[in-house]
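Working notes, beginning with the structure itself.
The values are calculated or read from the model by the stated rules, or taken from the named source; none is laboratory data. Predicted model only: the values in this text are computed from it and were never measured. Positions of Cβ are backbone-derived with ideal geometry, glycine not excepted, and every protein chain shown enters the neighbour counts.
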Amino acid sequence: MKLHTSLFFVLGMTVLLPSYAGDVKDIKEERAEARYDAAKDAAKYKYEVAKENCKNLSGHEKDTCIKDAQAAYVGSKSQAKADEKSSKAQAEADEKRMKANYKAAKERCERLSGSGKDACESEVKMMYHQ
């Protein structure tokens, strides 16, 4: 009776989890893009504030202040883009690792038979959101 209840739980979760989990890679990429957009906005805001602070200066000091503000802005934007690319690459690596682990786990179920094999395969699908 206990195995019967566990099997229904596993099968139920197998049906529900994929719709809940979504595509992990897409979620991570969307987050990376959102962080990039936020970092770009923050860099632009800091640049505008720095330029505003330069208005009180004159001559060479003003020119230097503006160049420093521009350099900080370009640096911040570049770092944000690098972080976004890194996050997307990590999401892709995570997806490939998850697929490989899923295949390996599924292969381990092959040595079983009957309801044990079915339960194993259901658990693997649930674990890897397949």
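Testing GLU29 on (1) modelled with pLDDT of 90 or more; (2) charged (D, E, K, R); (3) surrounded by 12 or more Cβ atoms within 10 Å (Cβ to Cβ), one condition comes back false. Which one is that?
(1)
Given the options TYR102, TYR20, name the one that is assigned to a helix (DSSP H, G or I), at pLDDT below 90, buried (at least 16 other Cβ atoms within 10 Å of the Cβ) and under 24 Å from the mean Cα position of the chain (by Cα).
Numbers: TYR20 fails: buried (at least 16 other Cβ atoms within 10 Å of the Cβ).
So the residue among TYR102, TYR20 that is assigned to a helix (DSSP H, G or I), at pLDDT below 90, buried (at least 16 other Cβ atoms within 10 Å of the Cβ) and under 24 Å from the mean Cα position of the chain (by Cα) is TYR102.
Please state which one of ALA89, ALA38 is closer than 30 Å to MET126 by Cβ, within 24 Å of the chain's Cα centre (by Cα) and at pLDDT 85 or above. Lay out the reasoning, then the answer.
Numbers: ALA38 fails: closer than 30 Å to MET126 by Cβ.
Checking each option against the conditions leaves just ALA89.
Go through (1) surrounded by 11 or more Cβ atoms within 10 Å (Cβ to Cβ); (2) at negative phi for ARG111 and report which single condition fails.
With (1) surrounded by 11 or more Cβ atoms within 10 Å (Cβ to Cβ); (2) at negative phi applied to ARG111, the lone miss is (1).
Would you point out the residue of region 32-63, among those that are of a type in the set (Gly, Ala, Ser) and loosely packed, with under 12 Cβ neighbours inside 10 Å, that is nearest to GLN79 (Cα to Cα)? Working first, answer last.
First, the residues of region 32-63 that are of a type in the set (Gly, Ala, Ser): 32, 34, 38-39, 42-43, 50, 58-59.
Next, from what is left, pick out any that are loosely packed, with under 12 Cβ neighbours inside 10 Å: 34, 38, 58-59.
Details: ALA34: 14, ALA38: 12, SER58: 30, GLY59: 30 Å.
Only one residue tops the list, namely ALA38.
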